[in-house]
Structures are given as structure tokens and as C-alpha cells.
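Single-structure report; data block below.
Just so it is clear, none of the values below were taken in a lab; they were calculated from the coordinates. These numbers come from a predicted model, not from an experiment. As a convention, Cβ positions derive from the backbone with ideal geometry for all residues, glycine included, and neighbour counts pool all protein chains shown.
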Amino acid sequence: MSQHVYIFDTTLRDGEQSPGVNFNVNEKLEIAKQLARLGVDIIEAGFPVTSRGDFDAVQCIAREVKGVTIAGLARTSQADIDRAWEAVQYAEQPRIHTFIATSNVHMQYKLNMTEEQVIDAVVNGVKHARKYTSDVEFSAEDAFRSDIDFLCRVLEAAVAAGATTVNVPDTVGYATPDEFGRFIHTIQEKVKGIDKIVTSIHCHDDLGLAVANSLSAVREGARQIEGTINGIGERAGNASLEEVVMSLRTRRNLYGLDTRVNTEEIYRTSKMISKLSGMNIQHNKAIVGKNAFAHESGIHQDGVLKERTTYEIMNPAMVGITHTNLVLGKLSGKHAFKDRLVELGYTLEDEDLRKAFSRFKDLADRKKQITDEDLEAIVEEEILTIPSTYELSYLHISSGSTVVPTATVGLKYNEEVSEEASCGNGPVDAICKAVDKMTGIRCRLASWEIDAVTSGKDALGDVTLKITVDEERFYQGRGISTDVLEASARAYVSAVNKMVYEKQKGRG
Ligand code: KIV
Ligand code: ZN
């Protein structure tokens, strides 16, 4: 059996099903390019039949992202499969991923179909997909809660119809590691022809066991693991791919398996997903959390200084964390700034570099020591954003325990700066109302979160917020500044820009 484990990334499909997350086409393309740099084997770019926006994104990724398989999801109906093919056909290596549920509860209440009808749908769907491409994946949704004998019949029918990968999801995150391992073992023993194709697994994290279940499955012969960056996804999310990959790498002595992931790209990918999804990473999250390589107790610090491996099982550099403590300051010039960014892996176009440098200078006036994390935050705020219809020019706040909070905001639109003032329930509310007056769009602030980029009193505040007008679509914005109200204003304006951009593209 092959020692290679295929890594199937579904951040753009299952990950986007996280409540409140929606990526626009540009963001999806940037994410897909980064996933290709990370070295995943398959990118599930979306579910093309569900919306025009999803279709466009999958098609655009298929045309532009090379060196990786691009998959489009489809139910087993011909219309779904045709649409998925229309979108992925331009990829260097296109895949159609078709699925239907196989558990009793799904068949009875959701599909209203009998076992035989489901088997017919599987066979027809897989055969139809095979007319387009030789790379067809079939998933039995809610496989883990399905009757095992029926599931084996379904998988056997899928293999006979031409599926080249069969996926066994634990859709509701119900399995435990021993059980899931045994389950995969039984499937390997019972399903005729399964040894000729790839067995895949797809675990959700409702009990916090998605990564453990995935690792248990590869011990029993599964050779494709599906998951998402940072573990984002429906409900409690999916298996976190960075954890899966680093477990296989760090414990290679145990698993004896390889992936083709370039682990040094993990940290940057994780930051990108966090930023674009608006989902902050918990500080103690394995591999990519802020504290994953931080040593607080004196005994630990002493040990690590003497010999890193006393308390570190992975070298942070392996996942792309290469921070030095003190980098640039007020007197650093554009060259030093640019060189450090290149070392951190960012090569900016002239205009982006100009904007980022100006933000850096501004920050250097307020903060003495600028670290790599500060630089990353600046760059990530400046690049990868959609065109700025509105730009924050200035902000003045009057607030306190005995005064009504008032904000005066200057906003640049079409090269002209206009100004509005507004009162609010608090300073952030006042800022939002002042911005709304100028844009003419009344938004509701659905969520607001703040984090600090580094430690220290002069740390950059990192605000992530979401806004909505119709309570259906939510737009996320992020802003950073040493002043948390300015960070809030920047985040709000960036969310409004996103909304305007989507509306102009007819997707809002
Ligand atoms: O969780 C699940 O079962 C899925 C399938 C569509 C693969 O996401
Ligand atoms: Zn799923």
C-alpha cells in the first residue's frame, strides 16, 4: 500500500459553510493560490450549482491555479454534475466530487428515498461524472451513522461504476478514534475493489475528535484526509489540516506516512484564512495558535534556552514561524522594510508597498519596536483587499464616562474627503453611524472582536467585525492600529468596501 497520504483541502467549500463566513471570488483565488503553495493535493474549490458566485469562483480557480487537482462538489443529479464539470473542466487536473447521504435518518427524512433508489442514484451519478473525467470521487454523506452492510454495498456500487476515490465522512462528528479505525478496517475488508482505489475520510469536530479520527483511519488504510485550514467548517468545523499534517510529520516514526505539504507555508496559510474568514485563532490552538510555541514558566524557558527539544516537539521554523523579536524602528528606510517583508515571504507590488510603508511609518511614530508580527498585520491589512471605494482619512472621538460619545470621521471617496459627526451608544457605535451617514448605507454591526497583535501596552489592536444590511449576507472587515477606535473605524470601512464591491459585482 502506498505510503503517500493525499491531503484534500475543503476550506473553500466546507470551510465556507462556517456561520458568517463568505469569501468573495478574489479572496477564494488568493486562498487557492496559497493552498497550492502549501502543497495540498486537492483543492475543493466550491459547490458550483449552489450559486453564480460559487460557480465563478470554481471556474476562475480551475483556470488559474496549477499543479494541484481542483474539485467541484455535486449531488448525484445530472444537473449538479454538469454544472460542476462546467466549472472545473479548465483545471490541469479536474475532479468531480459527487455525494449522497446513506444513513437511515438522512434517507428517510431528508431524501425520502429507499436504499435501492440511493444505490441507483450513486451508480448513475458516478457513471455520468465519469463521462467527463477519469477523476471522480464519491462521498457517502453521514457514512459513519449508516448501516455498515448497506454502506459497503453503496461503496462497492460506486467503485464498480468508476469512482476513483471513495470518501467515508463522519458528517456529524459522532465517531471516536477506536471505533472509526475499526469502521475503516471493516470497509477495507468488505468492499470489493476498494484496494484498487483511494479510500478517503472526512471528519467533523463536534466532539473535538476530528483529527484523532482521521489519524486512526490512516492506520487502517485510508489514504486521503479531508479537512480545512484552522479547522473551520460547519458547526464545530472539520479536521484541522495543519494538525493532521504536523502529526504525520512529527510522528513519522509511528505512522510511516508522507504528505507533499510544504510545512513552512502552514503559518502563513493559517493567518490568511483567519484574516479572510474573520475567525480568530484561539491562542492555545495546536500548531498555529499564538501560544503554541510560547514558554511561560521559568523552568520551561530555562530548559528551552539550554536545549530547545526539552519542551518543543516541533521546531516553529518548520511551520513557518520565523519571528525575530526586534526588527525595524522609526529610522528604518523603505529598503530595510522591503527586505524584511521579502524575508517574511511577501513581495508587494509598488503601490501596495507604498501604502504598507506609509502605514509602517505611521506606526513607528507611535510604537517603538516593530516586530515581524506587526509587519505581517500591516501587510495583510493592505494587500489582499478588494478595491477601496472609501478610505478612512481621519477620526476624532470625544468620549468618557460623563459625556455622550461623539465621532467625527473624514472619509475619502473619489479623491474627495467628506466629514460627518455622529453620537452613539458608545464610541464604536458613533463611528459606524458617522460612516453610514456618508455612505448612505445603514449597516448593523453584527459582531466586533479585538485581539492584540503582540504583547505590551503599545501593541497593535486588531479588530475584526461583521456587518449586515439584510441579515442574510454578512461582510467581514479587519483593521489594525495602536488606537483601538481607529482600528474599529478601519475595520468598519473595510467591511463596507467589501459590501459595495460585492453589490457592484451583482452578488450582494
Ligand atoms: O460532511 C460531509 O459529509 C460532507 C460531504 C459533502 C463530503 O461535507
Ligand atoms: Zn463536511
Subject >> Quotient of Cα Rg and 2.2 N^0.38 Å for segment 334-382, N being how many residues it contains >> reply: 1.01
**OP:** Could you tell me which trypsin sites (Lys or Arg not before Pro) in segment 54-134 are loop residues by DSSP with no more than 12 other beta carbons within 10 angstrom of their beta carbon?
**Re:** 66
Original post:
Translational D (Stokes-Einstein, µm²/s) of segment 215-292 at 20 °C and 1.002 mPa s when Rh comes from the Kirkwood sum over C-alpha pairs?
Top reply: 162 µm²/s
**OP:** Evaluate E = 1/(1 + (r/R0)^6) for residue 51 and residue 347, where r is the Cβ-Cβ distance and R0 equals 35 Å; express this FRET efficiency to the nearest 0.05.
**Re:** 0.60
**OP:** Measure out, as a whole number of angstrom, how far apart the alpha-carbon centroids of segment 453-468 and segment 86-118 sit.
**Re:** 42 Å
Original post:
How many angstrom separate the Cα center of segment 197-240 from the Cα center of segment 413-452?
Top reply: 41 Å
Original post:
At what distance in angstrom do the alpha carbon centres of segment 152-195 and segment 1-42 lie from each other?
Top reply: 23 Å
Original post:
Efficiency by 1/(1 + (r/R0)^6): what FRET value for residue 113 and residue 219, r their Cβ-Cβ distance, R0 = 45 Å, to the nearest 0.05?
Top reply: 0.85
Original post:
residue 399 versus residue 195, label points 7 Å from Cα toward the beta carbon: distance in nm?
Top reply: 6.7 nm
**OP:** Give the calculated FRET efficiency between residue 291 and residue 368 to the nearest 0.05, with a Förster radius of 30 Å applied to their Cβ-Cβ distance.
**Re:** 0.80
Original post:
So what's the Cα pair-distance distribution over the chain, bin width 20 Å, in %?
Top reply: 22, 51, 25, 3
Original post:
Can you tell me the Rg and Dmax of segment 1-151, counting just the alpha carbons, in angstroms?
Top reply: 15.6, 44
Original post:
GluC sites (Glu not before Pro), restricted to segment 299-369: which are DSSP loop and have at most 12 other Cβ atoms within 10 Å?
Top reply: 307, 349
Original post:
Quick one: what does P(r) look like for segment 413-473 with 10 Å bins over all Cα pairs, in whole %?
Top reply: 18, 38, 34, 10
**OP:** Can you tell me what the convex hull of the Cα atoms of segment 270-418 projects to on average, as an area in nm²?
**Re:** 12.9 nm²
**OP:** Loop only per DSSP, at most 15 neighbouring Cβ atoms within 10 Å: give me the GluC sites (Glu not before Pro) in segment 55-130, ordered by residue number.
**Re:** 92
Original post:
Beyond 27 Å, what share of the Cα-Cα pairs of segment 6-277 remains, rounded to the nearest whole percent?
Top reply: 32 percent
Subject >> Segment residue 89-residue 301, extension gain: residue separation times 0.36 nm, minus the distance between their alpha carbons >> reply: 71.0 nm
Original post:
Straight-line reach from residue 330: which lysines have Cα under 23 Å away, leaving out those fewer than 8 places along the same chain?
Top reply: 338, 355, 361, 367, 368, 457
**OP:** Hand me the tally of lysine pairs in segment 155-305: alpha carbons under 22 angstrom apart, and the pair either on different chains or 8 or more positions apart.
**Re:** 4
Original post:
Relative to the present Cα-Cα distance, how much length would full extension add between residue 354 and residue 176 at 0.36 nm per residue of separation?
Top reply: 58.9 nm
Original post:
Between residue 147 and residue 3, how many nm apart are label points set 7 Å from Cα along the C-beta direction?
Top reply: 4.2 nm
**OP:** Output the Cα-based Rg and Dmax of segment 391-504 in Å, rounding Rg to one decimal and Dmax to a whole number.
**Re:** 13.7, 42
Original post:
Dipole of segment 334-382, Cα-centred, from +1 at each Lys and Arg C-beta and -1 at each Asp and Glu C-beta, to the nearest 20 debye?
Top reply: 380 debye
Subject >> Mean separation of Cα contacts under 8 Å, 6 or more apart, over the residue count of segment 391-504: relative contact order % >> reply: 17 percent
Original post:
Roughly what % of DSSP beta bridges within the chain run antiparallel, to the nearest 5?
Top reply: 50 percent
